[in-house]
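The structure appears below as structure tokens.
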Protein chains: 2
Amino acid sequence: MQLVDRLLKGDKRAAAKIISMIEDRDAQAQKIVSLLHHHTGNAHIIGLTGPPGAGKSTLISALVREFRSRGKRVGVIAVDPTSPFTGGALLGDRVRMTDVGVDDGVYIRSMATRGHVGGLALATYDAVKVLEAMGMDKVFVETVGAGQSEVEVANLAHTTVIVEMPGSGDSIQILKAGILEIGDVYTVNKADEGGAESMVTNLKSVLPEDREGWAPPVLTTVASEGKGVPELADRLEEHFSYLKKSGKLGEKERIRSEVELRDALTETMLEKLTTSKGGKKLYEDVLDKVVSRKLDPHTAARRLLSGKTG
Amino acid sequence: MQLVDRLLKGDKRAAAKIISMIEDRDAQAQKIVSLLHHHTGNAHIIGLTGPPGAGKSTLISALVREFRSRGKRVGVIAVDPTSPFTGGALLGDRVRMTDVGVDDGVYIRSMATRGHVGGLALATYDAVKVLEAMGMDKVFVETVGAGQSEVEVANLAHTTVIVEMPGSGDSIQILKAGILEIGDVYTVNKADEGGAESMVTNLKSVLPEDREGWAPPVLTTVASEGKGVPELADRLEEHFSYLKKSGKLGEKERIRSEVELRDALTETMLEKLTTSKGGKKLYEDVLDKVVSRKLDPHTAARRLLSGKTG
């Protein structure tokens with residue numbers, strides 16, 4: 001397939017086209033992504049999450065420049081609706097990224113995942129594959145921090161970076177509510193604002209000193225000035241080495257593959273159920289019974305899957 | 001089942017027990033929820049979402065009191081990890097709700113949905129059913145606003161309330177990024193702080209004047225003092241009436257049922273695949289091939305579902 005060939009040579013327009021097809025759930029998209037699967041598995045996938053206002057996109061821009069200076073090819077997928085990469089287009093400030101936008105070794109893409117039942121997972125996984133297949137060494141995925149999405153990004157990424165900002169007890173409250181378990185590297189960004197040190201201290205006091213051989217570091221950065229960014233890049237490389245040496249990379253790949261396999265199973269099953277002869281009508285009939293409370297969803301599911309619908 | 005009988009009589013301890021079973025994915029939970037299905041369908045389900053700090057939980061507390069004074073039974077499910085109902089327990093401020101906590105006509109419950117692949121949907125839907133079955137007239141679901149989750153709560157709820165706070169362009173940025181389409185009622189809370197009026201004006205300028213016969217109102221509230229809360233409660237009742245009269249309630253129920261049916265189909269299918277004779281091994285073998293890039297997930301899914309695994 002010509003589009004795939006172009007992508008494998010690193011063509012950004014092919015990447016843009018394929019990711020748009022993924023977003024639009026184009027019939028061809030699934031086939032293309034299937035073809036890409038065996039061209040993946042070499043990139044380092046880095047999830048970056050944190051509250052709106054923590055400066056995640058500025059930090060990613062700085063990391064892109066840092067890794068470019070180290071000779072790495074870098075891709076970015078932004079699924080954070082508050083990201084300038086994503087929502088910013090509406091306000092006209094997408095320019096913030098143009099300094100790296102003309103470089104052939106960088107590709108940045110925002111994703112509109114809203115409206116897809118099933119969360120950010122499926123489309124984002126597919127988009128990451130596109131960036132892997134086009135030869136990116138590092139793929140950043142930016143999401144906003146809000147409970148469920150951190151877990152999803154932690155499943156998707158090899159290395160999860162939690163970006164916090166100085167100050168508020170709120171941040172600690174958010175932390176306690178779920179991201180202590182999933183961060184591999186923590187950074188307090190905007191560290192030139194007051195309160196960064198106490199935020200670092202607070203974080204260190206609640207984080208584990210050792211998590212299966214890895215001690216999650218707590219850094220400080222001022223992304224807008226590039227301060228602390230080389231150190232952050234070093235920690236990301238160290239974590240990737242740790243994953244490889246410890247065998248954890250294989251475990252992570254298995255989790256990623258299982259998420260994808262389950263999504264694919266659901267999609268394939270629904271397609272089978274609703275496109276077979278009479279299948280669509282049967283599905284609608286059963287759904288009607290769930291709506292009218294004549295059938296509960298689990299009984300309905302069992303009947304649909306066994307082909308019986310009394 | 002005794003637990004179900006107790007729940008149907010409004011027993012809060014039975015509700016607590018069943019929701020814990022749902023969270024723990026207890027083997028009995030699915031059966032119980034199935035039994036509850038035909039005792040549901042009468043409550044008004046109200047989703048409440050917005051950024052951390054907008055005062056969502058204080059607003060819900062005020063709405064609980066308001067609806068109690070109108071003789072309604074009220075349930076609350078908090079799936080927002082930053083909510084005092086949820087994360088607050090860690091900080092010891094769960095007390096904020098105790099003034100309504102002793103009332104038999106009120107039941108408040110936080111949900112730990114983290115770690116479940118598949119998002120907030122499934123467990124939250126089940127918990128809402130528990131509250132419907134115990135006889136609640138109004139069921140509030142609190143989530144934090146962050147892109148995907150608003151869409152999920154809009155699918156779950158009959159009426160979606162977007163809670164904003166005065167000030168920041170950030171709020172407008174967030175709004176533009178996805179919640180303009182899903183709010184049925186908007187309120188700028190903490191309206192005693194400066195900037196509420198301009199926030200209201202901004203919201204009104206971007207919201208549609210009419211959405212299929214409903215004009216999403218933009219209110220102001222000071223939840224901590226109860227200001228504007230009776231008006232908000234009135235708008236919620238009006239929206240519920242509108243849904244019933246226009247036939248939209250049926251459409252919403254169909255969407256809700258379809259989300260549940262699809263989740264149940266996935267669960268049932270995975271159970272079938274992995275518990276049948278040799279099924280678990282087959283599943284693991286295919287997963288191994290996906291991990292090693294010998295098979296792509298979609299081809300793997302088709303093979304698993306057709307029973308062929310060459």
Query raised in the report: How many residues are away from every other protein chain (no Cβ under 12 Å), under 24 Å from A:A301 (Cα atoms) and not in a loop (DSSP other than H, G, I, E, B) if we restrict to segment B:9-35?
Result: 8
**Report entry** Selection from segment A:1-20 of residues that are without any contact (Cβ under 8 Å) to a residue 24 or more places away in the chain and either under 13 Å from A:K129 (Cβ atoms) or among the hydroxyl-bearing types (S, T, Y) (or both)
**Finding:** A:S20
Requested in this report: Output the residues belonging to segment B:160-210 that are modelled with pLDDT of 85 or more and either among the basic types (K, R) or outside the structural domain of B:V139 (by TED's automatic domain parsing) (or both).
Outcome: B:K190, B:K204
Query raised in the report: Quick one: what pairs do we get from segment B:160-173, first residue polar (S, T, N, Q), second at pLDDT 85 or above and surrounded by fewer than 20 Cβ atoms within 10 Å (Cβ to Cβ), C-beta under 9 Å, 6+ apart or different chains?
Result: B:S168/B:G195
**Report entry** Residue selected from segment A:272-304 under the condition buried (at least 17 other Cβ atoms within 10 Å of the Cβ) and outside any helix (DSSP H, G or I), by the criterion nearest to the other protein chains (Cβ to nearest Cβ)
**Finding:** A:D296
Query raised in the report: Could you list, in sequence order, the residues of segment B:218-247 that are surrounded by fewer than 19 Cβ atoms within 10 Å (Cβ to Cβ) and assigned to a loop (DSSP other than H, G, I, E, B)?
Result: B:G226, B:G247
Query - Filter result for the condition that a residue is touching a residue at least 60 places away in the same chain (Cβ under 8 Å), surrounded by 22 or more Cβ atoms within 10 Å (Cβ to Cβ) and not β-branched (V, I, T), over A:H39, A:H44 - result: A:H44
Report summary line: Note on A:E258: of the conditions (1) away from every other protein chain (no Cβ under 13 Å); (2) of a type in the set (D, E); (3) closer than 25 Å to B:P297 by Cα, unmet is (1)
Query raised in the report: Out of segment A:217-246, which residues are over 15 Å from A:E66 (Cβ atoms) and either among the basic types (K, R) or in contact with a Phe, Trp or Tyr (Cβ under 6 Å, 6 or more places away or on another chain) (or both)?
Result: A:V218, A:Y242, A:K244, A:K245
Report summary line: Note on A:T266: of the conditions (1) part of a helix (DSSP H, G or I); (2) under 26 Å from A:V64 (Cβ atoms); (3) touching a residue at least 40 places away in the same chain (Cβ under 8 Å), unmet is (2)
Query raised in the report: Do you know which residues across segment B:283-310 are at pLDDT 90 or above, under 16 Å from B:L270 (Cα atoms) and of a type in the set (A, V, I, L, M)?
Result: B:V286, B:L287, B:A300, B:A301, B:L304
Requested in this report: Only residues that are hydrophobic (A, V, I, L, M, F, W, C), buried (at least 21 other Cβ atoms within 10 Å of the Cβ) and touching a residue at least 40 places away in the same chain (Cβ under 8 Å): list them for segment B:248-263, please.
Outcome: none
**Report entry** Filtered residues of segment A:40-53 (kept if within 12 Å of chain B (Cβ to nearest Cβ) and within 21 Å of A:T159 (Cβ to Cβ))
**Finding:** A:T40, A:G41, A:N42, A:T49, A:G50, A:P51
**Report entry** Residue, surrounded by the fewest Cβ atoms within 10 Å (Cβ to Cβ), within segment B:66-81, restricted to residues that are under 20 Å from the mean Cα position of the chain (by Cα) and either of a type in the set (G, A, S) or modelled with pLDDT of 90 or more (or both)
**Finding:** B:K72
Report task. Would you check if A:V102 is over 19 Å from A:L48 (Cβ atoms), of a type in the set (V, I, T) and modelled with pLDDT under 90? Result -> yes
**Report entry** Condition check for A:E152: modelled with pLDDT of 55 or more, at the interface with another protein chain (Cβ under 8 Å from one of its Cβ atoms) and touching a helix residue (DSSP H, G or I) at 6+ places or on another chain (Cβ under 8 Å)
**Finding:** yes
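The values are calculated or read from the model by the stated rules, or taken from the named source; none is laboratory data. Values in this document were obtained by computation on a predicted structure and should not be read as measured data. Positions of Cβ are generated from backbone atoms using ideal geometry, with glycine treated the same way; all protein chains shown enter the neighbour counts.
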